[in-house]
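Below you'll find the structure, written out as structure tokens, and then a few comments.
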Amino acid sequence: MALGALDTMGLASLERWYREVVASLDDAARIVLVGEDGGEIVAMGQLVSSGATNADHRAEVQRVGVASRARGRGIGRQLMQALEDAAREQQLGLLWLTTHDGTEACAFYEAIGYTKLGVMPDYSRRPDGTLWPGAFYFKVLSA
């Protein structure tokens, strides 16, 4: 389990949380995109616009994930490109995200042009509950 969840949460609770997110999509501040393969959802990512009036140009990329069986086929790159395109459509020029430091995700984000801003110790818990440092990334979008 991942995407902001702990193993102790259980699949039923995780599913309920994501269903609530999808049900609230009339909120224009959050965009949820999925990647499909043969009609099956294998990837997901969210784009959440800042609520601050002095930061209406930026958004956070959240809950990006690609099923392990679908990795290595470019689905993550396509998903991130779609999130960036959606950001541009909303006139957003700056994206930021966090991920667990020292993971494959760090190399992935750096490969697609995100800049590592820094690392915060004990930022969040891994699915097993272990505190882990968080890596912070940003990307300035070109027009």
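Residue-wise test of (1) over 13 Å from the mean Cα position of the chain (by Cα); (2) free of Cβ contacts under 8 Å to residues at least 60 places away in the same chain; (3) farther than 17 Å from Arg58 by Cα.
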residue: Gly93; (1), (2), (3): yes, yes, no
residue: Leu97; (1), (2), (3): no, yes, no
residue: Glu104; (1), (2), (3): yes, yes, yes
residue: Ala107; (1), (2), (3): yes, yes, yes
residue: Ile112; (1), (2), (3): yes, yes, yes
residue: Val119; (1), (2), (3): yes, yes, yes
residue: Thr130; (1), (2), (3): yes, yes, yes
residue: Tyr137; (1), (2), (3): no, yes, no
residue: Ala143; (1), (2), (3): yes, yes, no
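Right, Glu40: at pLDDT below 95, more than 20 Å from Ala135 (Cβ to Cβ) and surrounded by fewer than 13 Cβ atoms within 10 Å (Cβ to Cβ) or not?
Details: at pLDDT below 95: yes; more than 20 Å from Ala135 (Cβ to Cβ): yes; surrounded by fewer than 13 Cβ atoms within 10 Å (Cβ to Cβ): yes.
Spelling it out, Glu40 is indeed at pLDDT below 95, more than 20 Å from Ala135 (Cβ to Cβ) and surrounded by fewer than 13 Cβ atoms within 10 Å (Cβ to Cβ).
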_Residue, surrounded by the fewest Cβ atoms within 10 Å (Cβ to Cβ), within region 94-143, restricted to residues that are of a type in the set (Gly, Ala, Ser) and assigned to a strand (DSSP E or B)_ = Gly118
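The values are calculated or read from the model by the stated rules, or taken from the named source; none is laboratory data. In this text the structure is predicted, and so the values were computed from the model without any measurement. Glycine gets a Cβ as well: all are built from the backbone with ideal geometry, and neighbour counts include every protein chain shown.
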